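The values are calculated or read from the model by the stated rules, or taken from the named source; none is laboratory data. In this text, all values refer to a predicted model and were calculated from it rather than measured experimentally. Using ideal geometry, Cβ is built from the backbone for each residue, glycine included, and neighbour counts are taken over all protein chains shown. Just so you know, the surface numbers come from the protein's heavy atoms only, side chains and all, with ligands and any DNA or RNA stripped out. Shrake-Rupley method; radii C 1.70, N 1.55, O 1.52, S 1.80 Å.
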Amino acid sequence: MRLIPLSALSVVVCCLTAPPCSAICQNGKEPASATAEEVKPPIVTLPDSVVMKDIAYITDGDPLQKMDIYAPKEAENAPVVVFIHGGGLSKRDKDEVSSQPKLFNAAGIIVVSINYRLVPAVTHPENVRDVAAAIAWISRNISKHGGDPGQIFVLGHSEIGRAPSELQSH
């Protein structure tokens, strides 16, 4: 996988199969094919990874407007991968980061896994605005956690994986 820095002109977007946004966003309901809550894989980290959980990216925001940071021990000017969970905008959460913290931390890369508000509590594109707010927070603050704000990369699953390209078009 080739990663490109997040900037006004370039965004890494990993869109996997998902129901079209219109299936969820227009009527605020999950598509008929949605299944019961799935079992989450465990979060896997290196033994010496620094883990910071439930950091609010909006002061006094919604309980879902939080992120987790997984950093290699003694990270300094490390690249940052922002993981945006899938779920068709209506389910799942940042804890589905799975083994990514271990894999990226072993390569000296910080992982930030973000949550965003879900449909039907909000309508699209409010969840995309949450992603933008999280990335803005990361850009302003990641250096305090050993990251390089000039090397932020985005990895998204499902419908929300399109968020970075939507942000560029607004």
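Since residue 128 meets every condition but one in (1) in contact with a helix residue (DSSP H, G or I) (Cβ under 9 Å, 6 or more places away or on another chain); (2) under 27 Å from residue 42 (Cα atoms); (3) at pLDDT 95 or above, which condition does it not meet? The one condition residue 128 does not meet is (3).
Residue under question is residue 44, and the condition is that it be over 17 Å from residue 158 (Cα atoms), surrounded by fewer than 22 Cβ atoms within 10 Å (Cβ to Cβ) and touching an Asp or Glu at 6+ places or on another chain (Cβ under 8 Å); does it hold?
Working: over 17 Å from residue 158 (Cα atoms): yes; surrounded by fewer than 22 Cβ atoms within 10 Å (Cβ to Cβ): yes; touching an Asp or Glu at 6+ places or on another chain (Cβ under 8 Å): no.
Against the criterion (over 17 Å from residue 158 (Cα atoms), surrounded by fewer than 22 Cβ atoms within 10 Å (Cβ to Cβ) and touching an Asp or Glu at 6+ places or on another chain (Cβ under 8 Å)), residue 44 does not qualify.
Inside region 125-140, residues that are open to solvent by 30 Å² or more (accessible area, probe 1.4 Å) and of a type in the set (S, T, N, Q) make up a count of 1. Among the residues of region 112-124, those that are open to solvent by 10 Å² or more (accessible area, probe 1.4 Å) and either in contact with a Ser or Thr (Cβ under 8 Å, 6 or more places away or on another chain) or under 18 Å from residue 73 (Cα atoms) (or both) comprise 118, 120. Scanning for something surrounded by 16 or more Cβ atoms within 10 Å (Cβ to Cβ), over 17 Å from the mean Cα position of the chain (by Cα) and modelled with pLDDT of 95 or more, does region 102-111 turn up at least one residue? No, every residue in region 102-111 fails to be surrounded by 16 or more Cβ atoms within 10 Å (Cβ to Cβ), over 17 Å from the mean Cα position of the chain (by Cα) and modelled with pLDDT of 95 or more. Whenever a residue of region 89-117 is over 14 Å from residue 52 (Cβ atoms), its partners that are open to solvent by 30 Å² or more (accessible area, probe 1.4 Å) and hydroxyl-bearing (Ser, Thr, Tyr), lying with C-beta atoms within less than 7 angstrom and at least six residues away or across chains, give the pairs 102/45.
Scan region 83-97 residue by residue and report those that are in a helix (DSSP H, G or I) and charged (D, E, K, R).
Of all residues in region 83-97, those in a helix (DSSP H, G or I) come to 94-97.
If the condition is that a residue be in a helix (DSSP H, G or I) and charged (D, E, K, R), then 94, 95, 96 are the ones that fit.
All conditions in (1) touching a Leu at 6+ places or on another chain (Cβ under 6 Å); (2) modelled with pLDDT of 80 or more; (3) over 19 Å from residue 142 (Cα atoms) hold for residue 24, with the sole exception of (2).
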